[in-house]
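S.K.: Got a structure for you, questions after.
No lab work stands behind these numbers, since they all come straight from the coordinates. Just so you know, these numbers come straight off a predicted model, no measurement behind them. Cβ atoms come from the backbone with ideal geometry, glycine included; neighbour counts cover every protein chain shown.
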Amino acid sequence: MLAGIRTFSKSIFAKIIFGVIALSFVIWGLNASMLNLGTSREVAEIGSQRITPVELDRAFQRSVQNMRNMFGPNFNQQQAIQMGLLNNTVQSLVSQKILREDAKNIGIGISDDKVREQIFSSDSFKDPATGQFSRDRFMQALYQAGYTENEFINGVRGDMMSQQVVDSLTSPATVPDIMARQIVAYRNEQRSGSFFALSKDEFANIPVANDATLRAYHEDNAAQFTAPESRDVTLATLSAADLVQTITVTEEEIAQSYAQREPEFQTPEKRTVEQILFAPNEEQTAREAYNRLTEGADFMAVAEDAGMTEAMVKLGEFTANDILPDLSEATFALEEGGISEPVETALGWHIIRVPSVTPGSTQSLDEVRDIIVDGLKQYKAEDAIYDLAATFDEELGAGTPIEDAARDVGARTYKLDGVVRGEGLAGQNVDGAEEINAKIFELENGEESFLEETASGTRYVVRVENVTPSALRPFDEVRDEVVAAWTAEERQRLMMEKAEELADKINNTGADIATLAADDATAVRETGMTRRTGRGLADDVNPAIAAALFTLEDGNAKAIRTGEDVILVKLDDIQAADINTADAKPVNDELKEALNEDILAQYLNYLNEEISVSVNNSVINELYTPTAAN
């Protein structure tokens, strides 16, 4: 988790350009003392650093888009929140800021030249043909990731500052070479053996034990035959989903809602964009090129003179929100086929051409009527639920029975028998069943809960009517189960007993494992050379066989259980690894990484005590309510 800190300089480009929000390396979490910003509208404050709502939203949307690339276009924002991606994004940003704050506090600064050098040296932005920095590849990467130039440059600067802190902590970590070599030799030792699974035919008909034996087995294995505690309850639920079917909307409301939501149904204008890009110090060259274009020169020919290929010139199709803000105004001010004067950005001087324009469009009310109506009903239901819940709560508080109070507000009621801890609500499909189940088992027999609310907004109240304690089920009731369990265990015992006798024959008399397998009407198999992890075994061979080989002396055998099978394993050969020729570098790096991670963990704990971190959950919740899913 903390490894990402140590490789900022290598991972920053992939992280920023492709929008991958790395797993947070905030090891302390966000505790209660950190969740207090008063009336601040910032997402978080980390010393003098800030995380704004815009910064969080951009990072989160990039993370959501990355998940869509993995899971498909139907993956939405609400699913991302449920998976913990929002919390992870917040913590990732906090992690970055706290390291930057520390770097700032100890006086680390990064010059513009160093930032430029870092960007220009990244393989991500180099032309594969020339190996040189390509402004076009850089621009395209920013477009795709949704970063402005300033955001990216500030991000690189901040991460370079953080990297200096990290490097100063982790560079001194060293690992003794002899230790690494011994670990490599241990891992690289290989062994081979022979094995066979005992035939079950001999043990197919185990005589059923007498009742005395079975009853004793029933008592000795009581947990296996004990019925869990169960509860009979009365439950009432009130949710917006239940109210939606009773809601009506007028044509006036539909028209008004459509007018308010019209931007949602608009497809923005798109423009195909081409550019010729010149270095920051080439303004005069850019203006000369523009003059050539106004005099009728071919755009592509001028671009080629500037050292650009067709792929570098043709950037693709963009909306006004997709293109970098510094170029948006100039691009969308052009007529179709128009060419802009040189536009300056931090990357240099751009000449933009718009070969084609795809006009925007708006879906009509008739086309989106169902969406509007469903949205209005949901909104009205959610609005009404607050008043109904208040009424419901008042009636319950006044002593009105659950059933009567539920009927008065239109809540659903359930009589649930045999509810078991952790197993839902006796087969009923109720929203928030797991949360309600947990609440049921917080109550005493006869106790009624307050009006509670699930994470998804369903209000509920529950009363425990009866508790059936956990108890060993009577032997006569579970006799068949006892017989089956005893028989299976007895079969395993007899098979292990036989396998251990066969292992003794190999170990004490030198018996041949192939002969023993043939006597058991089965065939012996060879493992081939394998390592402790099972690497080298065939796919259908249980790794427990490899583990057994590494507990044996050469030529010896042992019996092991793997599921329902009993297997006889014999060690045939040992190939020890040479400690003197072992390549210790991978293990050395692995151990050094572990040491560095421990050092960083301690340092981050220290920073948590030294640097004030406040996270404003109310702002986050306002940004991402359940109805905001997209």
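S.K.: What is the stretch 269-359's relative contact order, in percent, from Cα pairs under 8 angstrom and six or more apart in sequence?
M.R.: Once normalised by length, the contact order is 49 percent.
S.K.: Put +1 on the Cβ of every Lys and Arg and -1 on every Asp and Glu Cβ in the chain; which of LEU416, ALA488, GLN245 then has its Cα farthest towards the positive end of the dipole?
M.R.: After comparing all options, I get ALA488.
S.K.: Here is a further query. Measure off 7 Å from each Cα along the Cα-to-Cβ vector at ALA488 and ASP177, then give the distance between these two points in nanometres to one decimal.
M.R.: Once both label points are built, they end up 5.5 nm from each other.
S.K.: Here's something else I'd like to know. Compute the separation of the alpha-carbon centres of the stretch 388-467 and the stretch 493-509 and state it in Å as a whole number.
M.R.: Their Cα centres are 59 Å away from one another.
S.K.: May I ask you to list the lysines whose Cα is less than 30 Å away from that of LYS380, ignoring any residue fewer than eight positions away on the same chain?
M.R.: LYS415, LYS439
S.K.: Write out the trypsin sites (Lys or Arg not before Pro) in the stretch 200-294 meeting two conditions: DSSP loop, and at most 13 other Cβ atoms within 10 Å of their Cβ.
M.R.: Answer in residue order: LYS200.
S.K.: Would the stretch 269-359 count as rounded, prolate or oblate if I go by the C-alpha gyration tensor, calling it rounded below 1.5 in a/c and otherwise prolate when a/b exceeds b/c, oblate otherwise?
M.R.: Prolate.
S.K.: For the residues VAL566, VAL483, what sequence is obtained by ranking on other C-beta atoms within 10 Å, fewest first?
M.R.: VAL483, VAL566
S.K.: OK, next. Straight distance only, please: which lysines reach the Cα of LYS570 with their own Cα at less than 25 Å, same-chain residues fewer than 8 apart left out?
M.R.: Straight-line reach from LYS570, under 25 Å: LYS200, LYS498, LYS505, LYS558.
S.K.: Lys and Arg at +1, Asp and Glu at -1: add these up for the other residues within a Cβ distance under 12 Å of GLU101 and post the number.
M.R.: Charge balance in the 12 Å sphere: +1.
S.K.: Taking only C-alpha pairs under 8 Å that are 6+ residues apart, what is the relative contact order of the chain in percent?
M.R.: Here the relative contact order equals 25 percent.
S.K.: As I understand it, the dipole of the stretch 269-359 uses +1 on the Cβ of Lys and Arg and -1 on the Cβ of Asp and Glu, about the Cα centre. Which of PRO280, GLY296, ALA333 lies farthest toward its positive end?
M.R.: Farthest along the dipole direction, towards plus: ALA333.
S.K.: Oh, and also: With only Lys, Arg, Asp and Glu charged, each at its Cβ (+1 for the first two, -1 for the last two), find how big the charge dipole of the chain is about the Cα centre; round to the nearest 20 debye.
M.R.: Roughly 1640 debye, rounded to the nearest 20.
S.K.: Roughly what would the spin-label model give for PHE133 and ARG407, points 7 Å off Cα along C-beta, in nm?
M.R.: 7.8 nm
S.K.: Hey, another quick one. Which lysines have a Cα less than 16 Å from the Cα of LYS114, not counting those fewer than 8 places away in the same chain?
M.R.: In chain and number order, the partners are LYS10.
S.K.: Additional query: Calculate the FRET efficiency for ASP167 and ALA438 from the Cβ-Cβ distance with a Förster distance of 45 Å, rounded to the nearest 0.05.
M.R.: 0.45
S.K.: Going toward the positive end of the dipole of the stretch 345-410, with +1 on Lys and Arg Cβ and -1 on Asp and Glu Cβ, which of ALA381, GLN363, ALA406 do you reach last?
M.R.: Ranked along the dipole, the leading option is GLN363.
S.K.: Taking the Cα centre of the stretch 269-359 as origin, work out the dipole magnitude from +1 charges on Lys and Arg Cβ and -1 charges on Asp and Glu Cβ, in debye rounded to 20.
M.R.: Approximately 120 debye in magnitude.
S.K.: Does the stretch 137-255 classify as rounded, prolate or oblate by the C-alpha gyration tensor (a ≥ b ≥ c root eigenvalues; a/c under 1.5 gives rounded; else a/b over b/c gives prolate, otherwise oblate)?
M.R.: Here the stretch 137-255 falls in the oblate category.
S.K.: Sticking with this one: Please work out whether the stretch 184-238 counts as rounded, prolate or oblate from its C-alpha gyration tensor, where a ≥ b ≥ c are the square roots of the eigenvalues and a/c under 1.5 means rounded, while otherwise a/b larger than b/c means prolate and anything else oblate?
M.R.: oblate
S.K.: So, one more: What's the magnitude of the charge dipole for the stretch 156-216 around its Cα centre, counting Lys and Arg as +1 and Asp and Glu as -1 at the beta-carbon? Answer in Debye, nearest 20.
M.R.: Computed charge dipole of the stretch 156-216: roughly 60 debye.
S.K.: Taking a point 7 angstrom from the Cα of GLU253 along the C-beta vector, which residues in the stretch 358-391 have backbone N less than 14 Å away?
M.R.: Residues passing the 14 Å test: 372-385.
S.K.: If the chain between ASP370 and SER199 were fully stretched, how many nm would it gain, using 0.36 nm times the residue separation less the Cα-Cα distance?
M.R.: Stretched out fully, the ASP370 to SER199 stretch lengthens by 55.0 nm.
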